[in-house]
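Colleague: The structure is given below, and queries will be raised subsequently.
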Amino acid sequence: MIELAGISKSYGSHPALSNVSLTIPDQARIALLGPSGSGKTTLLRLIAGLEVPDAGTISFDGGIISSPEYVLPPSERSMGFVFQSAALWPHMTVSDNILFGLSHLPEKEQQQRLGTLLERMKITPVKDRFPDQISGGEARRVGLARALAPRPTTLLFDEPLTNLDRKLRDDLLSLISETIRETGSAMVYVTHDEYEAECVADTIIRFDKGTISR
């Protein structure tokens, strides 16, 4: 369970979040919905450990992982992050991108996990290609596979389907929903699109001007 208590964050004189408190239970599927600049992406980055809060705490299973004085590194949080763009390593093949977070496993286990994800994401035919040799939809699937590879307890999505056509977006929304159910991971999905939020989440939390809208 992730608990945010009194979280505030400003950039210069601009308050991005103001005294936000939120509980994310295990296996919850939550969408943060709101317009650009409402603070939802900032909150996601704080949960991931990519930003430091100005005030408040973030706890995971009762232990503090973020505060103004302390931030547990993102690599130690058991969280997968899927960005707006696929954000793949350009010098690595599709397979190597997915294997990136699995170096701690024995080689045989790495290859088994890789094979499962390639098949699940339907990207086996492009496994030896580089990111500039695959389509945008394939790149999004690789990004999802890379986030899933270490079996994180929580998956964080920051508008992952931006600029995709309707059919491809619907295909990936179905894939995300099915995958989350199968893995049992908790999910926090940031979007400004109500349709996406309704497709993937059990709970929709609306953001406006740095606060949760009631």
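Colleague: If a residue must be aliphatic (A, V, I, L, M), outside any helix (DSSP H, G or I) and over 16 Å from residue 138 (Cα atoms), how many such residues does the range 79-125 contain? Write out each step before concluding.
Modeller: Initial filter on the range 79-125 (aliphatic (A, V, I, L, M)): 79, 82, 86-88, 92, 94, 98-99, 102, 105, 114, 117-118, 121, 123.
When the remaining residues are screened for being outside any helix (DSSP H, G or I), the result is 79, 82, 86-88, 92, 105, 121, 123.
After this cut, where a residue has to be over 16 Å from residue 138 (Cα atoms) as well, the list is 79, 105.
Final tally of qualifying residues: 2.
Colleague: Which condition number in (1) at pLDDT below 95; (2) out of contact with any Leu (no Cβ under 8 Å at 6 or more places or on another chain) is the one that residue 82 fails?
Modeller: (2)
Colleague: Mind checking whether some residue in the range 41-61 is of a type in the set (S, T, N, Q), in a strand (DSSP E or B) and touching a residue at least 12 places away in the same chain (Cβ under 8 Å)? First the steps, then the outcome.
Modeller: Of the residues in the range 41-61, the ones of a type in the set (S, T, N, Q) are 41-42, 57, 59.
After this cut, where a residue has to be in a strand (DSSP E or B) as well, the list is 57, 59.
Applying the additional criterion that residues be touching a residue at least 12 places away in the same chain (Cβ under 8 Å) yields 57, 59.
Yes: one or more hits.
Colleague: Just one of 109, 119 is charged (D, E, K, R) and closer than 22 Å to residue 161 by Cα; which is it? Write out each step before concluding.
Modeller: Numbers: 109 fails: closer than 22 Å to residue 161 by Cα.
Within the list 109, 119, the selection yields 119.
Colleague: Being in a helix (DSSP H, G or I), modelled with pLDDT under 95 and not basic (Lys, Arg) is the filter here, so list the residues in the range 133-153 that pass it. Don't jump to the end; show me each part of the working.
Modeller: Filtering the range 133-153 for residues in a helix (DSSP H, G or I) gives 133, 136-148.
Filter again for modelled with pLDDT under 95, leaving 136-148.
The answer is 136, 137, 138, 139, 142, 143, 144, 145, 147, 148.
Colleague: Would you tally the residues in the range 53-78 being modelled with pLDDT of 95 or more and in contact with a helix residue (DSSP H, G or I) (Cβ under 8 Å, 6 or more places away or on another chain)?
Modeller: Total meeting the criteria: 3.
Colleague: Further question: Looking at 94, 126, 82, which one is in contact (Cβ under 8 Å) with a residue 40 or more places away in the chain, out of contact with any strand residue (DSSP E or B) (no Cβ under 7 Å at 6 or more places or on another chain) and closer than 27 Å to residue 167 by Cβ? Full working, then the answer.
Modeller: Numbers: 126 fails: in contact (Cβ under 8 Å) with a residue 40 or more places away in the chain; 82 fails: out of contact with any strand residue (DSSP E or B) (no Cβ under 7 Å at 6 or more places or on another chain).
Result of the check over 94, 126, 82: 94.
Colleague: Of the residues 156, 161, only one is crowded, with 20+ Cβ neighbours inside 10 Å and touching a residue at least 40 places away in the same chain (Cβ under 8 Å); which?
Modeller: Values: 161 fails: touching a residue at least 40 places away in the same chain (Cβ under 8 Å).
Result: 156 is the single residue among 156, 161 that is crowded, with 20+ Cβ neighbours inside 10 Å and touching a residue at least 40 places away in the same chain (Cβ under 8 Å).
Colleague: Tell me, yes or no, whether the range 199-208 has at least one residue that is at pLDDT 90 or above and exposed (fewer than 14 other Cβ atoms within 10 Å of the Cβ). Lay out the reasoning, then the answer.
Modeller: Just the residues of the range 199-208 that are at pLDDT 90 or above, to begin with: 199-208.
Filter once more, so that each one left must be exposed (fewer than 14 other Cβ atoms within 10 Å of the Cβ): 202-203.
Yes: one or more hits.
Colleague: Something else now. Answer yes or no as to whether residue 197 is among the small types (Gly, Ala, Ser), closer than 22 Å to residue 75 by Cα, part of a helix (DSSP H, G or I) and touching a Phe, Trp or Tyr at 6+ places or on another chain (Cβ under 8 Å). Write out each step before concluding.
Modeller: On the way: among the small types (Gly, Ala, Ser): yes; closer than 22 Å to residue 75 by Cα: no; part of a helix (DSSP H, G or I): yes; touching a Phe, Trp or Tyr at 6+ places or on another chain (Cβ under 8 Å): yes.
No; evaluated as a whole, the condition is false for this residue.
Colleague: While we're looking at this one, here's another question. Within the range 1-22, can you find the residues that are surrounded by 14 or more Cβ atoms within 10 Å (Cβ to Cβ) and in contact with a Leu (Cβ under 7 Å, 6 or more places away or on another chain)?
Modeller: Those that are surrounded by 14 or more Cβ atoms within 10 Å (Cβ to Cβ) and in contact with a Leu (Cβ under 7 Å, 6 or more places away or on another chain): 4, 7, 8, 9, 17, 20, 22.
Colleague: Right, another one. What is the one condition in (1) over 19 Å from residue 75 (Cβ atoms); (2) among the aliphatic types (A, V, I, L, M); (3) at pLDDT 90 or above that residue 156 does not satisfy?
Modeller: Of the numbered conditions (1) over 19 Å from residue 75 (Cβ atoms); (2) among the aliphatic types (A, V, I, L, M); (3) at pLDDT 90 or above, the odd one out for residue 156 is (1).
Colleague: Also, I was wondering about something else. Any chance you could count how many residues in the range 144-168 are farther than 19 Å from residue 40 by Cβ and either aliphatic (A, V, I, L, M) or in contact with a Leu (Cβ under 8 Å, 6 or more places away or on another chain) (or both)?
Modeller: So in the range 144-168, the residues farther than 19 Å from residue 40 by Cβ come out as 144-146, 148-153, 164-168.
Adding the requirement that they be either aliphatic (A, V, I, L, M) or in contact with a Leu (Cβ under 8 Å, 6 or more places away or on another chain) (or both) leaves 144-146, 148-150, 164, 168.
So the answer is 8.
Colleague: Report yes if residue 32 is over 22 Å from residue 200 (Cβ atoms), part of a strand (DSSP E or B) and touching a residue at least 24 places away in the same chain (Cβ under 8 Å), otherwise no.
Modeller: no
Colleague: Which one of these does residue 190 not meet: (1) of a type in the set (A, V, I, L, M); (2) touching a strand residue (DSSP E or B) at 6+ places or on another chain (Cβ under 9 Å); (3) assigned to a helix (DSSP H, G or I); (4) surrounded by 22 or more Cβ atoms within 10 Å (Cβ to Cβ)?
Modeller: (3)
Colleague: Turning to a different aspect of this structure: Of these, 76, 69, which one is farther than 23 Å from residue 145 by Cα and among the acidic types (Asp, Glu)? Give the steps one after another, and end with the answer.
Modeller: Details: 76 fails: farther than 23 Å from residue 145 by Cα.
That would be 69, the only listed residue that is farther than 23 Å from residue 145 by Cα and among the acidic types (Asp, Glu).
The values are calculated or read from the model by the stated rules, or taken from the named source; none is laboratory data. Treat the numbers as computed from the prediction; the structure is a model and nothing was measured. Positions of Cβ are generated from backbone atoms using ideal geometry, with glycine treated the same way; all protein chains shown enter the neighbour counts.
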